[in-house]
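Structure record follows, encoded as structure tokens.
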Amino acid sequence: MRIDCQLSVWTCLCGIILGGGGCKPSPATRTGKPQQLTVQAVVVTAKKQAVSETLPLIGTISANEMVDIKSETDGIIQEIRYEEGQKVAKGQPLVLLDDRKLAASVAEVEANFRLSQVTHERAQQLLKDHLMSQQEYDQVAATFAVNQASLDLKRLLLRDTRVLAPFAGIMGSRQISPGQVVNRTTTLGSLVDLDSVKVEVEIPERYLGQIEIGQNLKFTVAAYSKEAFPGRIYFIAPQVSETLRTASVKARIANPKHQLRPGMFASLTLTLLVRESAIVIPDVAIINNGEVSMVFIVGKDDTATLRPIKVGERLAGKVEIIDGLKEGEEVVVEGHQKIVPGAKIKRSSPEKAAVYQN
């Protein structure tokens with residue numbers, strides 16, 4: 001539906017353009033008839049092109065995986081097997097604790113286990129030959145089971161003196177030194193997987209119907225402002241924040257060069273809708289009068305007509321027209337100040353018009 005414009009608005013706008021309080025009559029000829037005004041102006045043609053409806057957002061980059069390295073047992077640092085910033089593989093030893101006490105404890109428990117194992121095997125034969133009561137056998141079997149569990153536990157504790165990388169990544173700053181006494185709460189270092197990163201943003205609830213899993217997006221960071229990084233949405237929160245009325249959305253981005261780091265701010269442009277055949281004109285063609293937007297249309301007889309329009313998406317130097325304009329119609333982009341409705345338009349050189357059409 002076209003925008004209705006009251007006569008008063010037209011009169012006011014005419015006055016603004018002419019620099020006075022109202023429309024001034026054209027100078028009269030000797031016959032008494034008004035002389036038609038001719039104005040030179042730059043004119044371009046409204047064209048169709050694809051227009052994307054986008055939503056600018058600010059997000060935070062986080063690592064694909066990131067963890068503080070800690071020991072599962074108390075002890076003394078015997079050896080550190082990594083350098084800060086070093087790439088490590090999954091399962092690679094990072095820190096070795098002094099294991100002499102635990103190794104001795106394991107040897108002691110192993111000796112007790114072997115003795116209880118031999119006793120258990122003899123008890124099985126005695127029970128089979130009816131030379132041992134069931135109660136006596138149960139006591140031997142219980143002792144064997146306790147010694148076996150104790151050995152398994154001691155072996156696990158001995159294994160915990162070797163701190164291994166839980167996944168492949170890059171080591172962060174080292175927090176320890178050889179000979180230092182550490183416990184299970186001591187941070188030994190950090191490990192970060194940067195081969196891919198995640199970006200988390202908060203999407204207003206009114207846009208949730210326009211995003212979906214697998215949707216592509218692009219974003220930039222301050223460190224590489226001229227480069228756009230492509231990503232894909234893999235998570236949309238199943239709930240909306242009652243206070244912010246937003247939902248958390250996460251995207252995953254490949255990061256083979258490790259340019260993106262956790263904690264960076266990301267400026268995202270989320271494409272919500274693409275209109276393949278939108279009417280677009282240069283933004284300088286728009287005349288604004290309060291909430292009303294208008295353009296001067298140049299008809300086939302080169303006569304200027306002021307027409308209300310409805311503006312859509314704003315692009316770089318251009319604007320989408322949702323209603324009020326058709327493809328192929330000509331609009332004035334330069335020379336508005338001298339034009340009044342009904343004036344004859346003398347077109348400027350094509351070279352000037354080409355500047356606005358590129």
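Just so it is clear, none of the values below were taken in a lab; they were calculated from the coordinates. Just so we're clear, the structure is a prediction, and the values are computed from it rather than from any experiment. Cβ: placed from backbone, ideal geometry, glycine included. Neighbour counts: every protein chain shown.
Once every DSSP H run of n ≥ 4 in the chain is given -39500 (n - 2.57) and the sum is divided by its residues, what mean residue ellipticity at 222 nm do you get, rounded to the nearest 500 deg cm²/dmol?
Helix contribution divided over all residues of the chain: -7000 deg cm²/dmol.
Charge dipole (Cα centre; +1 on Lys/Arg Cβ, -1 on Asp/Glu Cβ; no other charges) of the chain amounts to roughly 1860 debye. For Ile253, the shell of other residues with beta-carbons less than 11 Å away shows a net charge of +4, using +1 for Lys and Arg and -1 for Asp and Glu. Can you tell me what share of the DSSP beta bridges in the chain is antiparallel? A percent to the nearest 5 is fine. Taking every DSSP beta bridge with both residues in the chain, the antiparallel ones total about 95 percent.
The simple Förster model, with R0 at 45 Å and r as the Cβ-Cβ distance, assigns Gln125 and Arg162 a FRET efficiency of 0.65.
Note that region 62-67 has calculated 3J(HN,Hα) couplings of 10, 6, 4, 9, 8, 8 Hz, one per residue in order, obtained from phi through the Karplus relation 6.51 cos²θ - 1.76 cosθ + 1.60 (θ = phi - 60°); glycine and proline are x.
Phi-derived couplings, Karplus 6.51 cos²θ - 1.76 cosθ + 1.60 at θ = phi - 60°, listed residue by residue for region 174-184: 7, 10, 9, 9, x, x, 6, 7, 10, 10, 6 Hz, with x used for Gly and Pro. Computed over all pairs of different Cα atoms, the Kirkwood value for the hydrodynamic radius of region 182-310 is 19.2 Å.
Under a no-solvent Debye model with one identical scatterer per Cα of region 311-358, what's log10 I(q)/I(0) at q = 0.33 Å⁻¹? Those come out to -1.24, one per q.
Legend: calculated FRET efficiency, Glu108 to Thr271, from the Cβ-Cβ distance at R0 = 56 Å, rounded to 0.05, equals 0.25. For the chain, the longest principal axis of the C-alpha atoms and the axis of helix 7-18 are separated by about 80°. Amide H contacts of Phe167: Gly91, each under 5 Å away and 5 or more positions distant or on a separate chain (H built 1.01 Å from N in the peptide plane; Pro and chain starts excluded). Computed extension gain for Leu315 through Gln239, at 0.36 nm per residue and net of the alpha carbon distance, reaches 24.1 nm.
Descending by average beta-carbon neighbour count within 10 Å, the peptides 212-220, 248-256 line up as 248-256, 212-220, the highest first.
What full-extension length gain, to one decimal in nm, is calculated for Tyr224 and Arg155 as 0.36 nm per residue of separation minus the Cα-Cα distance?
Working: separation 69, 0.36 × 69 = 24.84 nm, distance 5.01 nm.
Taking Tyr224 through Arg155 to full extension adds about 19.8 nm, to one decimal.
FRET efficiency for Thr54 and Glu83, Cβ-Cβ distance as r, R0 = 45 Å, nearest 0.05? It comes out at approximately 0.55.
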